[in-house]
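The values are calculated or read from the model by the stated rules, or taken from the named source; none is laboratory data. In this text the structure is predicted, and so the values were computed from the model without any measurement. No Cβ is skipped: glycine too gets one built from the backbone with ideal geometry, and neighbour counts run over all protein chains shown.
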Amino acid sequence: MEETKRLRWAILGAGGIAHQMAAAFRAAGRTPDAVGNRTYEKAAAFARQYGIKKVYRDCRQMFTDPEIDIIYLATPHNTHIACLEQALSQGKHVLCEKAITLNSDELERAVRLARAHHVVLAEAMTIYHMPLYRVLRQKMAGLGRVNLIQVSFGSFKEYDMSNRFFNPALAGGALLDIGVYALSLARLFLQSNPNQVSSFVQKAPTGVDESAAVAMVNREGQMVSATISLHSKQPKRAVISCEKGYIEIMDYPRADQAVIVDAATGQRETVRAGLTADALLYELNDMEAAVRGEGDMLLPLTVDVMALMSNLRREWGVVYPEERT
């Protein structure tokens, strides 16, 4: 039997989420093949920590490196499109951290390139790859039609207008940072993307979105209520209400358990699948399966969510410097 070719990975970026991905490789008994970062010294330190053999002096070298198959892109949102265009045009598969781009126009450009060069483009959206959500989607048939989804995500960040959370020059704001999780979870359980959206927004002193409440409905009449904030703590909680019961999920981006409540009897069933600690490992494995033609990274859902976020920011008047040119 022919041995499956080992896919070779490079990590672009050396921040917190890049460390988590490198740890996921280590948990799988593997090591990324290369790393690059805007600052060489930081990339070199990262490589020493994880035993990575190749460090690029110029991180752009990974885009043309014939010894790399997949790039994990873990740089700030506003750098994604430039990196995506360079990587995809060189035939590299890319797993890109959320938010995958700043807006739908950028994402459309990236999708066209991926199709033209026959490579996989995917957002590193843990919700689409945690085993729990796959199990819950299978169980939906017994609960009847989804009618309403309520989702919240809020953290309290001290006002520091120079950090990425509130800085427009770093594509700050609640929507691209945490709202993407809320909308991605909702979209996963909806029949189609919402086509009617109403919202309220509270802006930080820098002009980016600090908190928002969003109500949406799609053509099937399924409704979504979402609240997000970077300056007010909320539980990471989702409730999916169906005809015959509801599903409650806590800590939902990387959840490994949920509760299903029967509407008639009140009986509660706890559903467990996967492990929170392995969230990025599931992304890694699913990406490799997709590259081999054995899986799906749900890019159409990413496109739908980006459309929602682009329209919301347009309505709010939240525009980043890159979008003014």
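In the stretch 148-158, the condition of being within 27 Å of MET287 (Cα to Cα), of a type in the set (A, V, I, L, M, F, W, C) and in the same structural domain as THR276 (by TED's automatic domain parsing) is met by at least one residue. Put simply, of TYR133, TYR72, TYR56 the only residue that is closer than 27 Å to VAL259 by Cβ, at pLDDT 95 or above and either among the hydroxyl-bearing types (Ser, Thr, Tyr) or surrounded by fewer than 23 Cβ atoms within 10 Å (Cβ to Cβ) (or both) is TYR133. Scan the stretch 9-68 for residues that are touching a Pro at 6+ places or on another chain (Cβ under 9 Å) and closer than 20 Å to ARG164 by Cβ and jot them down. The answer is ILE11, GLY13, GLY15, MET21.
Let's see how each residue does on (1) part of a helix (DSSP H, G or I); (2) over 26 Å from GLU323 (Cβ atoms):
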residue	(1), (2)
ALA99	no, no
GLU108	yes, no
LEU148	no, yes
GLY154	no, no
ILE178	yes, no
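If you check MET140 against the conditions, is it assigned to a strand (DSSP E or B) and either in contact with a His (Cβ under 7 Å, 6 or more places away or on another chain) or not polar (S, T, N, Q) (or both)? So MET140 does not fit the description; no. Whenever a residue of the stretch 249-261 is over 17 Å from MET125 (Cα atoms) and in the same structural domain as LEU143 (by TED's automatic domain parsing), its partners that are of a type in the set (S, T, N, Q) and outside any strand (DSSP E or B), lying with C-beta atoms within less than 8 angstrom and at least six residues away or across chains, give the pairs VAL261/GLN267.
Anything in the stretch 295-325 that is among the β-branched types (Val, Ile, Thr) and either part of a helix (DSSP H, G or I) or buried (at least 19 other Cβ atoms within 10 Å of the Cβ) (or both)? List them, or say none. Across the stretch 295-325, the qualifying residues are THR302, VAL303, VAL305, VAL318. Against the conditions (1) at pLDDT below 95; (2) in contact with a strand residue (DSSP E or B) (Cβ under 9 Å, 6 or more places away or on another chain), ARG164 satisfies every one except (2).
Does at least one position in the stretch 189-197 carry a residue that is closer than 15 Å to SER152 by Cβ and among the hydroxyl-bearing types (Ser, Thr, Tyr)? Checked against the condition, which is being closer than 15 Å to SER152 by Cβ and among the hydroxyl-bearing types (Ser, Thr, Tyr), the stretch 189-197 yields no hits at all. Regarding LEU275, is this residue at pLDDT 95 or above, of a type in the set (A, V, I, L, M) and buried (at least 20 other Cβ atoms within 10 Å of the Cβ)? It is false that LEU275 is at pLDDT 95 or above, of a type in the set (A, V, I, L, M) and buried (at least 20 other Cβ atoms within 10 Å of the Cβ).
Screening ASN195 with (1) at positive phi; (2) free of Cβ contacts under 8 Å to residues at least 40 places away in the same chain gives one miss only, at (1).
Restricting SER155, SER199 to those that are surrounded by 15 or more Cβ atoms within 10 Å (Cβ to Cβ), modelled with pLDDT under 95 and either within 30 Å of VAL261 (Cβ to Cβ) or in contact with a strand residue (DSSP E or B) (Cβ under 8 Å, 6 or more places away or on another chain) (or both) reduces the list to SER155.
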